[in-house]
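The values are calculated or read from the model by the stated rules, or taken from the named source; none is laboratory data. If you're wondering where the values come from, they're calculated on a predicted model, not measured in any experiment. All Cβ positions, even for glycine, are placed from backbone atoms using ideal geometry, and neighbour counts span all protein chains on display. Just the protein is used for accessible areas: all its heavy atoms, side chains included, with ligands, DNA and RNA removed. Shrake-Rupley method; radii C 1.70, N 1.55, O 1.52, S 1.80 Å.
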Amino acid sequence: MKNWKQTVKILPQRISKAIWRFPLTSVCLIGATGLIWYMISLENSPPLMAEKLMYTFWVGAFIGMLVQFCVERFSEITAKKPALYALSTLLIVGYWLILWPVPELSAEISVRTLVAVFAMLCAVLWIPSVKNTTDFNEVALIHFKSVFTSILYSAVLSAGIGAIIATVDILLFDVDYNAYLYTLSLIWVMFAPLYYLSLLPKFNSQEELDLKYI
């Protein structure tokens with residue numbers, strides 16, 4: 001119980017640090033959450049443009065992660081961080097412009113996007129261990145632990161808030177079913193990834209806290 005209270009107390013600080021550390025990824029996650037809310041409000045099939053935007057947000061989230069880990073690993077490009085983020089933004093816009101004219105999101109586009117995302121994920125795991133500065137197995141284990149912890153906390157949070165909404169619906173007044181969908185999308189699309197990012201240390205940092213965590 002004490003650990004849970006401590007986690008809840010420092011949670012806002014963790015999320016805040018994750019947003020500042022991964023700004024581009026955070027913006028994409030917030031955009032994806034807002035877009036999902038919009039699609040929920042439609043109560044019918046989402047327009048093709050919304051689906052294209054969703055693809056763009058997810059690709060942008062991984063690009064943001066990749067750029068940040070590159071900046072943290074290679075000190076010689078740290079000073080060029082604004083330029084790298086500007087270039088990353090252009091890449092995201094370029095991906096959006098590629099999707100803009102297509103008449104439908106075919107299986108070919110989906111597969112290519114998944115391959116690109118998988119490649120960026122592999123790079124995120126590999127970059128901190130370049131030149132043996134950090135053990136790859138340790139990096140992979142920390143990512144796995146962070147993902148598992150994020151899923152666990154998000155599941156508990158979903159169950160708790162879902163129970164509160166159900167109680168209000170039964171005892172006080174009718175609650176629209178969409179309230180569950182809005183809540184779940186907020187937790188799993190925005191909170192869970194941000195909490196996962198907040199658990200990741202700066203792998204190549206010499207700060208005592210990061211070294212202790214690794």
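Figures for the structure shown
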quantity: Residue in the range 174-182 that is touching a Lys or Arg at 6+ places or on another chain (Cβ under 9 Å), open to solvent by less than 60 Å² (accessible area, probe 1.4 Å) and either under 16 Å from L11 (Cβ atoms) or assigned to a loop (DSSP other than H, G, I, E, B) (or both) present; calculated: no
quantity: Residue check, T78 touching a helix residue (DSSP H, G or I) at 6+ places or on another chain (Cβ under 8 Å), closer than 26 Å to Y38 by Cβ and open to solvent by 20 Å² or more (accessible area, probe 1.4 Å); calculated: no
quantity: Yes/no for I161 being open to solvent by 30 Å² or more (accessible area, probe 1.4 Å), over 24 Å from F69 (Cβ atoms), at pLDDT 80 or above and touching a helix residue (DSSP H, G or I) at 6+ places or on another chain (Cβ under 6 Å); calculated: yes
quantity: Answer residue from the range 84-105, given it is over 22 Å from the mean Cα position of the chain (by Cα) and either within 18 Å of V117 (Cβ to Cβ) or aliphatic (A, V, I, L, M) (or both) and is surrounded by the most Cβ atoms within 10 Å (Cβ to Cβ) among those; calculated: L105
quantity: The listed residue being assigned to a helix (DSSP H, G or I) and farther than 25 Å from W58 by Cα, out of A163, A155; calculated: A163
quantity: Test: residue in the range 84-104 that is touching a residue at least 40 places away in the same chain (Cβ under 8 Å), under 24 Å from L53 (Cα atoms) and among the small types (G, A, S); calculated: yes
quantity: Condition met for W37 (over 22 Å from W126 (Cα atoms) and open to solvent by 60 Å² or more (accessible area, probe 1.4 Å)); calculated: yes
quantity: Checking V67 against (1) surrounded by 14 or more Cβ atoms within 10 Å (Cβ to Cβ); (2) at pLDDT below 90, the condition it does not meet; calculated: (2)
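A quick yes/no check of all residues on (1) closer than 18 Å to P128 by Cα; (2) of a type in the set (S, T, Y):
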site	(1), (2)
K17	no, no
W20	no, no
S26	no, yes
P46	no, no
V59	no, no
F62	yes, no
M65	yes, no
F74	yes, no
